[in-house]
Structures are given as structure tokens and as C-alpha cells.
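The values are calculated or read from the model by the stated rules, or taken from the named source; none is laboratory data. Just so we're clear, the structure is a prediction, and the values are computed from it rather than from any experiment. Here the Cβ positions follow ideal geometry from the backbone for every residue, glycine too, while neighbour counts run over all protein chains shown. Accessible surface areas use protein heavy atoms only, side chains included; no ligands, DNA or RNA. Shrake-Rupley method; radii C 1.70, N 1.55, O 1.52, S 1.80 Å.
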Amino acid sequence: MQLSTPHLLGIKDLTSQDIETILSTATQFKEVLQRPIKKVPSLREVTIVNLFYENSTRTRISFELAEKRLSADTINFSASGSSVSKGETLLDTVNNILSMKVDMVVMRHASSGAPHFLAKHLPNTAIINAGDGINEHPTQALLDAFSIREKIGTLEGKKIAIIGDIQHSRVAMSNIYLLKKMGAEVTVCGPPTLIPTYIRETHNIRVEYNLKKALQWCDVANVLRIQLERQNQVLFSTLREYNRVYGVTSALLNEIQKDIVILHPGPMNRGVEIDSDVADGKHSIILQQVENGVAVRMAVLYLLGGGKKTS
Amino acid sequence: MEVILTHQAFRNCIETLAQEILGRRPDMSNTAIVGIQQGGVVVAEALYEAICRSVKGAQPDYGQIDITFYRDDLHKQILQPDKMNLPFSVDDKHILLVDDVLFTGRTIKAALDVLLDYGRPGKVELCVLVDRAEHRQFPIQADYRGITPSTASREKIKLLKEGNTGIQVVRFDDKMQ
């Protein structure tokens, strides 16, 4: 059972069958992770480079752990402290790494489309996008979907609100593609300056500027971080004001009188987009997301890592 | 396609295997019957029921394992895994590993790898419905075997479970090879 694509560049390129295959394979890997020996020999012939041109905590550790649990050999590369600072191009860097017989590349890059560029030039190497600029973060959307299904059974027909900085969020884009493909209804909510004006038409989703209404509507709320590092203009007045208008607080959740599931891809800015008592409260599945991330990434690596030598 | 075990012959075979196992090992305490996905699980379920009907004293545990992640041909093809379920500790347990067809021995080798990742069983025995002994590629033999037909290597032996015919074992030419 192979995926319809040799790379994982974005959810946009996957079919709903691909998504189903990844999620059901991840269920089996989650079982592996409960065992005394949390390791299988599936990718012992495979060497993977983790190419991180941008900072990461969860994604990088999660990928590395997933690779080790699959018995792959791994190399970690950070742009800082490498020859990138001496002016080497992305393609040269990767070609040099691949000449040392590396089979797969997991890449995070600040430029949207960087993994697509690599996939175009290196068609025989599986490229996995671990986040590219403001474009996509496919494994995050897959683990969000896995966690939602684990909690409420299905995505089909469910109402998912994505709240916060939609404009600069690759997590939002990947989630929108995935949720629409799997039959969920999607509303994005945030200040008008942080929601692209075209998004309603291009993605056939609802846009809501009132947080309380969005929370009243949804079954699941995926709360996103304000991506200050990607904003080069003033898009809202202060973080304090943002928290007052768009912060998910326990007072607000009590007011709407509804059991909704809260997700956050991390890193959280407590007291800005989400309050601590919500992040650590009964609605939150934030730590389950992190746990499921390893199983989902194992599934992606497994499905893209084998079966190539005959093709 | 030729039927080599009809549903009734399958039931008889399971009954005989159950009696043989209980004859050699009447005490089923600290024992688990473990089927290998997918055909082995069908055989293991039937065997478990037959043993539970006849056993005097403690009943065995039951589980199923999937070897997909342990296959030695992942570089050729990717398969989607089946459900694993071992709801007991395998440490010091007597495991009766059950498969439908014993062919090259590679599946059993992988199944042993799976079991050892769950713990350290006291003893592992192998029970198969069909033993194709002449095609073995590994030094693996069954402790209990149902039938031992003579087969050509290009032939396939498959256990089928269908609504109208029940469980059958068939033999056919594999044109892919």
C-alpha cells in the first residue's frame, strides 16, 4: 500500500485515500510505541537527513525519534554552524549530503516552496516537508487529524475552528486542506488583518471574526500562535489586546457551555492566544498531539521509505 | 484453483490439532495461543475455541500479531499493517504461535522477532495448518502440523474465509512468478 506521491510536500498533493492510509498506519505505530521495546526494524536500510534551516523543538525531536524507532540511521543538520553561512546554495548543500548515500530528506525551511524545489531537482530522493515558510506543515495537520479522530471518532461532518494568525500559519493551510479532504467543516477565526481576504473563496471555508461565535459553532478548536517572526508590519495593536479579543480563556469556555476539544500545535504563548488553565485543562489534547506526532511521522517515513528499489 | 481443505476438513483438522496439542500439553495455564495476521489469526481463533472446549482446568490466553513492520522485503514493497493485540505479558509464557501456511519460514522468523520485542517468552512452539516442508529457506520446523501436501514453489496455498463456503484452503498457480 504505497502513497500516490513519492514525497510529502504538502497535504494539497495527497488524496483522501493517502490520508486514510497514513492515519491507519499511524494507529499501528502508536501500538508499537506502547511496547516494552518501542522499535521496529522496518527502515534499517535507510539513512535520513534532518535538514533544519529554521528553529524547531517538537517537530525535530519527533522526526528524529520516529526515525530511530524505525531503525533508520539519522543525520542532523542545522543551518547555523554549517557551510550555509559561507554562501553554499540549498541544492549544493543537499547534493553534497546525498552523495554520502542518504535516502530521505526531512526539511524545514523559512522559504515557502523550498522542499518542492528539492523534489524537482532530486526526484529519486524522498523529500518530507517539515514546514516551509507560510505554505504547509503536512505532518502537523496529519497528527492533528489523528488526535481529533482519537478523541471524537471521525472528521467527517465535524466542525473545526482554526483560531489565530491564519495569514502566516503553515499549520492552518495544511489543516484546511486536510480537513476539507476528509469531509469536515472549517471556520477560520482571528483579526481581519491576520486572515487573507481570498481564503473564503479559494478554500470554501467560513470566516468568523468573533471568537465567541466561532467557539459556539465548533466541535474542535485548533488555536494557533501569533507568528511575530513572520510579521514585518503592525497587524494588531498589542499582545495584551489580542489576548482580550482573541485569547481562548476558561471564562469564555464556561460561557459557551459546550464541550469542545482544544488543540495547539505549539509552541504556545501562554496568556496570548491561549490561557494556561485552558492549555492544561480538561478540554486540551495538546500533549496527546505531541505523543501522536511520533506515530504519525513513523507512518509517513515508513510509507515513503520502502518499496523504492524496484520502481 | 483446487480446494485442498474443505470447510469440514478444516474443522476436522483443527479438532485433531487441538487434541494433539492437549495430549502433549494438558495444562494450558501460563499458555497463550497467538495467531499471525492474516490467515494465521483465522486458524488461531478456531484452534483457541477447540482447545477451550476440551481443556480441563485453566484456559489459555489469546492474541494476534502482525509482522508487516518486520518483513525483510520492505525495500521491494510497502504493505499496510494489520491489527496487533497481545493483551498479556509474554514474559515466561508458553506461546503457541499459529499460522495458516508454513512456506519459506521467513514469516515465522519475523514473528519471533515481534514476540521478542514484547518480552521474553519461556517457550515458543509453532502450529501450522499447512506445512510446505520442501520449500523451507530457514531452519524452522513446526511442532504441530495439519496437512503436508506436496507442492511446486510457483504454486500458492491460501486460506479463504467466505460467507457461503466458510473457511477453505485452496491451491493455485501464481502467474506473477
Compute the angle between helix A:16-32 and the longest alpha-carbon principal axis of chain A, please, reported from 0 to 90 degrees and rounded to the nearest 10.
80 degrees
Say the cut-off is 21 Å between C-alpha atoms; which of A:213/A:258; A:12/A:101; A:12/A:151 go over it?
A:12/A:101; A:12/A:151
Tilt, helix A:170-181 to longest principal axis of chain A (alpha-carbon atoms), in degrees rounded to tens, equals 90 degrees
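DSSP loop (so not H, G, I, E, B), at most 13 other Cβ within 10 Å: list which trypsin sites (Lys or Arg not before Pro) in the range A:165-268 pass both filters.
Loop-located and lightly packed - A:258.
Kindly state, as a whole number, the per residue volume in cubic angstrom of the convex hull around the alpha carbon atoms of chain B.
Taking the convex hull of the Cα positions in chain B, it is 125 Å³ per residue.
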Evaluate peptide A:23-33: per residue, the Cβ atoms of other protein chains within 10 Å of its Cβ; return the mean as an integer.
3
Within 10 Å of each Cβ of B:78-86, how many other protein chain Cβ atoms are there on average?
6
Largest first, what is the accessible-area ranking of B:106, B:53, A:297, A:44 with a 1.4 Å probe?
B:53, A:44, B:106, A:297
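Per residue, how much accessible surface does the protein assembly as shown expose to a 1.4 Å probe? Answer in Å², no decimals.
Accessible area per residue, the protein assembly as shown: 44 Å².
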Report, in degrees rounded to the nearest 10, the 0 to 90 angle that the Cα long axis of helix A:286-305 makes with the longest principal axis of chain A.
30 degrees
Residue-normalised 222 nm signal for the protein assembly as shown, counting each DSSP H run of n ≥ 4 as -39,500 (n - 2.57), nearest 500 deg cm²/dmol, is -10500 deg cm²/dmol
Rounded to a whole number, what % of the accessible area of the range A:129-190 do carbon and sulfur atoms account for, probe 1.4 Å?
43 percent
Inverse of mean 1/r across different Cα pairs in chain A, Kirkwood, Å:
19.9 Å
Go through A:30/B:156; A:181/B:158; B:56/B:109; B:56/B:156; B:83/B:161 and tell me which ones have a Cα-Cα distance over 27 Å in this structure.
A:30/B:156; A:181/B:158; B:56/B:109; B:56/B:156
